[in-house]
Structures are given as structure tokens and as C-alpha cells.
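Undergrad: Shown below is the structure under consideration.
The values are calculated or read from the model by the stated rules, or taken from the named source; none is laboratory data. Fair warning: this is a prediction, and the values are worked out from it, not measured in the lab. Here the Cβ positions follow ideal geometry from the backbone for every residue, glycine too, while neighbour counts run over all protein chains shown. These area figures cover heavy atoms from the full protein model, side chains too; ligands, DNA and RNA do not enter into them. Shrake-Rupley method; radii C 1.70, N 1.55, O 1.52, S 1.80 Å.
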Amino acid sequence: MSDTTSDPRYKRRPPKRPLRLSWSDERVRGIFWQIVVVAAVGSLIYWLYSNTSHNLAVRRIATGFGFLNREAGLPIAESLIPYEPTDTYLRALMVGVLNTLKVAVVGVVLATILGTAIGIARLSKNFLLSRIAGAYIEIIRDLPLLLQLLFWYTILQGLPGPRQALKPMEGVVLSNRGLKLPALVWENPHTAALVVCLLGIVATWLYARIARAKQMADGQPRKVWPAALGMILVLPVVVWYALGAPWEIEYPVLRGFNFRGGINVSPEYFALLIGLVTYTAGFIAEVVRAGIMSVNHGQWEAAQALGLKHGSVLRLIVMPQALRVIIPPMTSNYLNLTKNSSLAVAIGYQDIVSIANTTLNQTGQAIEGIAIIMAVYLTISLSISLFMNWYNARIALVER
């Protein structure tokens, strides 16, 4: 390297040109047009606000969120928290939010599992399995989601009644009243054992990080599974047994015109969940297939040359690299599943959209009702995006 290029004087930034108050200066023109655009947008927002306020005042329509503290008088068929029609609109909307989350969380987990399995099957060397997976993807993705939801809801409504219900296995009942499953009689000792299990998972994660750090330091591998087995399984069982928790299973029993006991999955929720999972799984399958195909084929050949089995190669070598391609589009599919759950109103499932629509019809405060729906979905979507972006950053390649 010459002395000229290493001279620190040549590394200095060029001096900034002074700003001239002249239309010929592009910076002045840029500032001017930015001020014009901001003023135009602000004027439009002010006009919309003042016009809306004037129209509401002329029609004597109340504004604000004071209606949330009034009695709802709204019946809700299923809820995760105790609810009565005498409760407030605020609690009714909370029930709607939880019902939406119940669909979104369970749907994301099941769609991920099903979509991953179908995406791997699409790449199978088995001709029949690959063609079945391909046909599933093409058919599911080409049919409108609303049509699929109505199809599944019609199928469930066409099932026999409780007295002629289908019983595929002991304790599982399927009828036009929904799906009934056995349930564990839950008591306080079960809660204590669950808390210990969750703490054990956190402790196992910390122990695994420490063991990995020590292995990087001295090169000696350390087994994590004995500690994981003890903290996640053995310790919760000991707590459960010490507190005397009963192991009693409650089975659904036919009483009158319906089944009592166990876990009740309503036909509306069941149809919505099946429709969202099967539909989203078709898109996730293509994302998984593209991610696996993005990994260089030499990785497969090198792993097979070391004697690894096909399943081990996929699980330990290919999928960790494919995740860097899979995660970004997977985030979009999770967001789509969450937003598509708003179609629940078409089959009678009471999510946040259904309950908010009923609320605004009863109170006449449509703007506030729509704002609540938008805020709920915006919050859920941003939460999913933040988590997936964090996870994507965790698994991204780090250049050295």
C-alpha cells in the first residue's frame, strides 16, 4: 500500500456543502416537498376527524369507550374464563380475544406439524407418497378458505346425534354436538407439578447452555439428557406424588340429549380449526419444500458418506440450514392464519370479530368497535412478527 492511500488526510470525509436558500438547491426542494406532503396528510386527517365528529354530534351518537363498563347481556357459548350475560362488554370482548388466541395458537402449532410433514413427503422418493402430497397442496391452495370452512362445518353438522354418536376409541365421542374427549380431574397438586415441570424446562435450557460452553472450552462433551429427564419428568412426578394428587380421568357420559363431563370441543371451533390448519398447511408445505431444496445437495452426499441415515441427515444437517430460508415466509403464513380466523363469524364461532360486531350493533358505536378489532389483530400480528424476527436473528449465519 502506498503512502498516499495510507495518509489519514485522504480518509477524511469531504466538507459539507452549505445549504443555500435557493430553489436550485436539491436539498431545499426536498425539504419543501416533504413539508407539503406532511401538511397535506395532516389536513386530511384533521378533516376526517372533524367531519366524523360533526356527523356523530348531528345524529346524537355517543362516542368514547364508556360503554365497556355497561352490562353486555350477550350470551357466549364457550369461553376460557368465567362469563355471564350480566358481565360487562369489556369482559365479553376479553372472552372474544381469548377465543381468537385459542384458535391462532393451536392452529399455528398443528399447521406447522402438518405442513412440515407434507413438505417432506412432497420430496419423498416414494412415487405414490410424493404425488399424494402434491395433489393435497394443489387442491387445498386452489380452494377458497371460506368454502373449506363451510364444507367442514357442514360435515360436522351431518354427523349423527349424541345417542348414535361415533366412538372411534374409548372415551372419544364424535357427534353433531362436537368432539368429546376424556379429561384429567385437575386439582392444586397438578398445578404445582406443572409449575415444577416448567421450571425444569428452564433449568434444563440453562444447563444445556453451560454444558455447551464448557464443551467449547475443553472439548469434552457432556450429556444433557440425564439432567433433563430428572428436572422435567422425575421431579414433577415426585412433587405430584408427595402432594397426593389424584389420577382420575373424567369420561364424557350421555345424560339426556347431550354428553356431560370431559373436554368439549364445539363443532364451530372444530370446523374452524380443521379448515385453518389444513388450508395453511398447504402453504407451509411449499415453504418447507423450498427450504430443504435450498440446501446444497453436497451436504446430503457428505453426510451419507459419513454413514448417517436419511432421517438423521434431514434432522441434524439439512433442516437447521433450511430454517434460515423457511422462517421468513413462515412468519407470513402464521400471520395469515391468525387474520383468517376472523372468518369464524361465517360458521358461528364467537371470536373477537363476532363479539365486537354484536357489541357495536347493540351500542351503536361502530367506530369504537372496529377500532377494538383492529387493535387486537394488530397487537397479535406484531407479537408474532417480533417473536419470529427474534428467532430468525438467532439462527442467522454470523460472519466472522
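Undergrad: Considering only residues that are open to solvent by 60 Å² or more (accessible area, probe 1.4 Å) and either in contact (Cβ under 8 Å) with a residue 60 or more places away in the chain or among the hydroxyl-bearing types (Ser, Thr, Tyr) (or both), look in region 121-135 and name the one that is farthest from residue 276 (Cα to Cα).
TA: Step one: of region 121-135, the residues open to solvent by 60 Å² or more (accessible area, probe 1.4 Å) are 122-123, 125-129, 131-132.
Restricting the remaining residues to those that are either in contact (Cβ under 8 Å) with a residue 60 or more places away in the chain or among the hydroxyl-bearing types (Ser, Thr, Tyr) (or both) gives 122-123.
Details: 122: 20, 123: 24 Å.
Result: 123.
Undergrad: Looking at (1) within 26 Å of residue 366 (Cβ to Cβ); (2) open to solvent by 60 Å² or more (accessible area, probe 1.4 Å); (3) in contact with a Gly (Cβ under 8 Å, 6 or more places away or on another chain), which is the only condition residue 91 fails?
TA: Answer for residue 91: the failing condition is (3).
Undergrad: Which members of region 143-182 meet the condition of being in contact with a helix residue (DSSP H, G or I) (Cβ under 7 Å, 6 or more places away or on another chain) and at positive phi?
TA: The one that is in contact with a helix residue (DSSP H, G or I) (Cβ under 7 Å, 6 or more places away or on another chain) and at positive phi: 178.
Undergrad: So for region 150-163 (the condition being within 30 Å of residue 328 (Cα to Cα), surrounded by 11 or more Cβ atoms within 10 Å (Cβ to Cβ) and not aromatic (Phe, Trp, Tyr)), does at least one residue qualify?
TA: The answer is no, given that none of the residues of region 150-163 is within 30 Å of residue 328 (Cα to Cα), surrounded by 11 or more Cβ atoms within 10 Å (Cβ to Cβ) and not aromatic (Phe, Trp, Tyr).
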